[in-house]
Amino acid sequence: MIRLSKCAVSEKEIAAVNSVLNNEYLGMGPEVQAFEQELQSFLGGQVGVACVCNGTAALQLALQAAGVGTGDEVLLPTLTYLASFQAVSALGATPVACDVNEADGLLSLQEAEKCVNQRSKAIMPVHYTGNAGDLTAVYGFAKKYNLRVIEDAAHAFGGLYQDKLIGSFGDIACFSFDGIKNITSGEGGAIVSSDQALISKIKDLRLLGVEKDSEQRYVKQRSWDFDVKAQGWRYHMSDIMAAIGRVQLRRFSDEFAPQRIALMNHYRESLAVIDGIKLFSIGDKNKIVPHIMPIKVAASQRDALREYLLQKEVQVGIHYKPNHLLTKYAKPGLTLPIAEKLYAGILTLPLHVDLTLAQADEVVGYIKKFMEVSS
Ligand SMILES: *Cc1c(COP(=O)(O)O)cnc(C)c1O
């Protein structure tokens, strides 16, 4: 079976976890602090970093700390993982599903503009596949309408926008370190921002709102006499997770990023010449560190191609079912035609660090054969 996605864990991660277990301090402690410092220096040293239990929690806490709550609206693309929507609705705010661009699958600002009103508090662009699209335009839009920007950068860890690392500039960016993302800490996530007050607030919120408790935890202490002013959550990262994340971060630049980029470029070159296959447009291809490799085929062929690949023991996926089609987020009469059209024709091909170029060729070979026979 050629897997759609998988984590890449070596003896080094196992040794790091073992050493935390041997220390018998498993919760949030010095490993988390070290991981935050290392992420900060990876991102150029300018931004504050708060690590949490997963990417969904990162988005929720970023929104909360940015002041999003009951009655507020957040603009975001419908073509995203359910987590982006749930993070907004968890706070009692309304995620406003917007249509996407057909070419790149990213939030359409023309569509978002139709949804702006007095309740709009924030915009959440999703860097689908790792592509941040025209972030300058997103920030211009946010400025025009006085919105906070929370980048859902779950796909985009390590990618560049105009020669700057995603998360190293802008308002707020959230990463996911779940098992199959560009780096993993088992589960996990991080909020990064140049707004240091916001990061401090998040560091309290992740520990049930206990003020300044993070400082205590870093040195394996805890607060006994404390105050709480806000609704907090148990969303901190553990030392076991951070130990995995620290090793993955060290492997990222030389090992993970080049392999993901090589696979994407190889796929794109060999798929581009197959009739009936379309690719999502991306910016400068060497600047993206891709998380997934979706392709577009005719809706009439998609399910048959999917079946055919499964038969050949190639796992495929569909990223994503548009969220406005879910009962929880549906609105009477709301159709978002581009996202719905894309949804009918997308198929995600295997992409992970342990996939070889030869295996990618095998996948492309099956697709080519299928398209020849079925056209
Ligand atoms: C993975 C992901 C998330 C959530 O991250 P978790 O760590 O799984 O909670 C949010 N948004 C997108 C687009 C994702 O792919």
Look through the stretch 170-197, keep the residues that are more than 9 Å from the ligand (Cβ to nearest atom) and on the phi > 0 side of the Ramachandran plot, and return whichever of them is surrounded by the most Cβ atoms within 10 Å (Cβ to Cβ).
Gly170
For the stretch 38-79, how many residues are under 17 Å from Arg119 (Cα atoms) and without any contact (Cβ under 8 Å) to a residue 24 or more places away in the chain?
1
Condition test on Lys164, is it closer than 30 Å to Phe252 by Cβ, basic (Lys, Arg) and within 10 Å of the ligand (Cβ to nearest atom)?
no
Give the number of residues within the stretch 312-361 that are part of a loop (DSSP other than H, G, I, E, B), open to solvent by 20 Å² or more (accessible area, probe 1.4 Å) and farther than 22 Å from Val126 by Cα.
8
Taking the criterion of being basic (Lys, Arg) and open to solvent by 60 Å² or more (accessible area, probe 1.4 Å), would at least one residue in the stretch 304-311 satisfy it?
yes
Name every residue in the stretch 254-311 that is free of Cβ contacts under 8 Å to residues at least 24 places away in the same chain and of a type in the set (S, T, N, Q), in order of residue number.
Asn265, Ser300, Gln311
So for the stretch 279-286 (the condition being aliphatic (A, V, I, L, M) and assigned to a helix (DSSP H, G or I)), does at least one residue qualify?
no
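A quick yes/no check of all residues on (1) hydroxyl-bearing (Ser, Thr, Tyr); (2) more than 16 Å from the ligand (Cβ to nearest atom); (3) part of a helix (DSSP H, G or I); (4) more than 21 Å from Gly189 (Cβ to Cβ):
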residue: Thr70; (1), (2), (3), (4): yes, yes, no, yes
residue: Leu75; (1), (2), (3), (4): no, no, no, yes
residue: Gln86; (1), (2), (3), (4): no, no, yes, no
residue: Glu111; (1), (2), (3), (4): no, yes, yes, yes
residue: Gln118; (1), (2), (3), (4): no, yes, no, yes
residue: Ala137; (1), (2), (3), (4): no, yes, yes, yes
residue: Ala154; (1), (2), (3), (4): no, no, no, no
residue: Ser168; (1), (2), (3), (4): yes, yes, no, no
Mind counting the residues in the stretch 1-53 that are hydrophobic (A, V, I, L, M, F, W, C) and either at pLDDT below 95 or within 30 Å of Tyr267 (Cβ to Cβ) (or both)?
10
Counting just the residues of the stretch 198-229 that are assigned to a loop (DSSP other than H, G, I, E, B) and open to solvent by less than 60 Å² (accessible area, probe 1.4 Å), which one comes out farthest from Tyr25 (Cα to Cα)?
Gly209
Does any residue of the stretch 1-11 turn out to be open to solvent by 30 Å² or more (accessible area, probe 1.4 Å), away from the ligand (no atom under 16 Å from the Cβ), of a type in the set (Lys, Arg) and outside any loop (DSSP other than H, G, I, E, B)?
no
Restricting the search to the stretch 47-106, which residues are of a type in the set (Ser, Thr, Tyr) and either farther than 28 Å from Ser281 by Cα or open to solvent by less than 10 Å² (accessible area, probe 1.4 Å) (or both)?
Thr70, Thr78, Thr80, Ser84, Ser89, Thr94
Which condition number in (1) outside any loop (DSSP other than H, G, I, E, B); (2) out of contact with any Phe, Trp or Tyr (no Cβ under 6 Å at 6 or more places or on another chain); (3) not hydroxyl-bearing (Ser, Thr, Tyr) is the one that Pro95 fails?
(2)
Take the stretch 362-375 and flag every residue that is touching a strand residue (DSSP E or B) at 6+ places or on another chain (Cβ under 7 Å) and either open to solvent by less than 10 Å² (accessible area, probe 1.4 Å) or modelled with pLDDT under 95 (or both).
Val363
Taking His127 and the conditions (1) open to solvent by 20 Å² or more (accessible area, probe 1.4 Å); (2) closer than 30 Å to His352 by Cβ, which numbered condition does it fall short on, given that it satisfies the others?
(1)
Residue check for Gly232: touching a residue at least 40 places away in the same chain (Cβ under 8 Å), assigned to a loop (DSSP other than H, G, I, E, B) and away from the ligand (no atom under 13 Å from the Cβ):
no
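The values are calculated or read from the model by the stated rules, or taken from the named source; none is laboratory data. Quick caveat: nothing in here was measured; it's all calculated off a predicted structure. Because the Cβ atoms are built from the backbone with ideal geometry, glycine has one as well, and the counts that use them run over all protein chains shown. Just so you know, the surface numbers come from the protein's heavy atoms only, side chains and all, with ligands and any DNA or RNA stripped out. Shrake-Rupley method; radii C 1.70, N 1.55, O 1.52, S 1.80 Å.
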